[in-house]
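These notes are about the structure you will find just below.
The values are calculated or read from the model by the stated rules, or taken from the named source; none is laboratory data. What you see is a predicted model, and the numbers here were worked out from it, not measured in a lab. Cβ placement follows ideal geometry from the backbone for every residue including glycine, while neighbour counts extend to all protein chains displayed.
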Amino acid sequence: MPARENDTVDRVTAVDRLNVALTAQASEALKKLLKRTGFKKVDIANRALVLYEFIEAELRAGNALVIRDPNGGEQGVKIL
């Protein structure tokens, strides 16, 4: 169906599809993210995969993942 002139919704073509069974921990995280962000499940999954790939590549390159709190305190984060 062609897009209407006033249709401002960006359409994204699915490149790959994934059907997953979530662990209880992942399911809880998804519920919290749905509530906090208002995003759709597919948007959260896409963002999570892109973020995970970025972090994994940085760690593989020898970089560290550090969280800095508003007061300047830092703590390292390990990704299992």
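Residues of region 34-80 being of a type in the set (G, A, S) and either part of a loop (DSSP other than H, G, I, E, B) or closer than 23 Å to D16 by Cβ (or both), which ones?
G38, A45, A48, A57, A61, G62, A64, G72, G73
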### Query
Residues in region 32-43: is at least one closer than 24 Å to A14 by Cβ, modelled with pLDDT of 95 or more and surrounded by fewer than 10 Cβ atoms within 10 Å (Cβ to Cβ)?
yes
#### Entry: Single unsatisfied condition, A21 versus (1) of a type in the set (A, V, I, L, M, F, W, C); (2) modelled with pLDDT under 95; (3) in a loop (DSSP other than H, G, I, E, B)
(2)
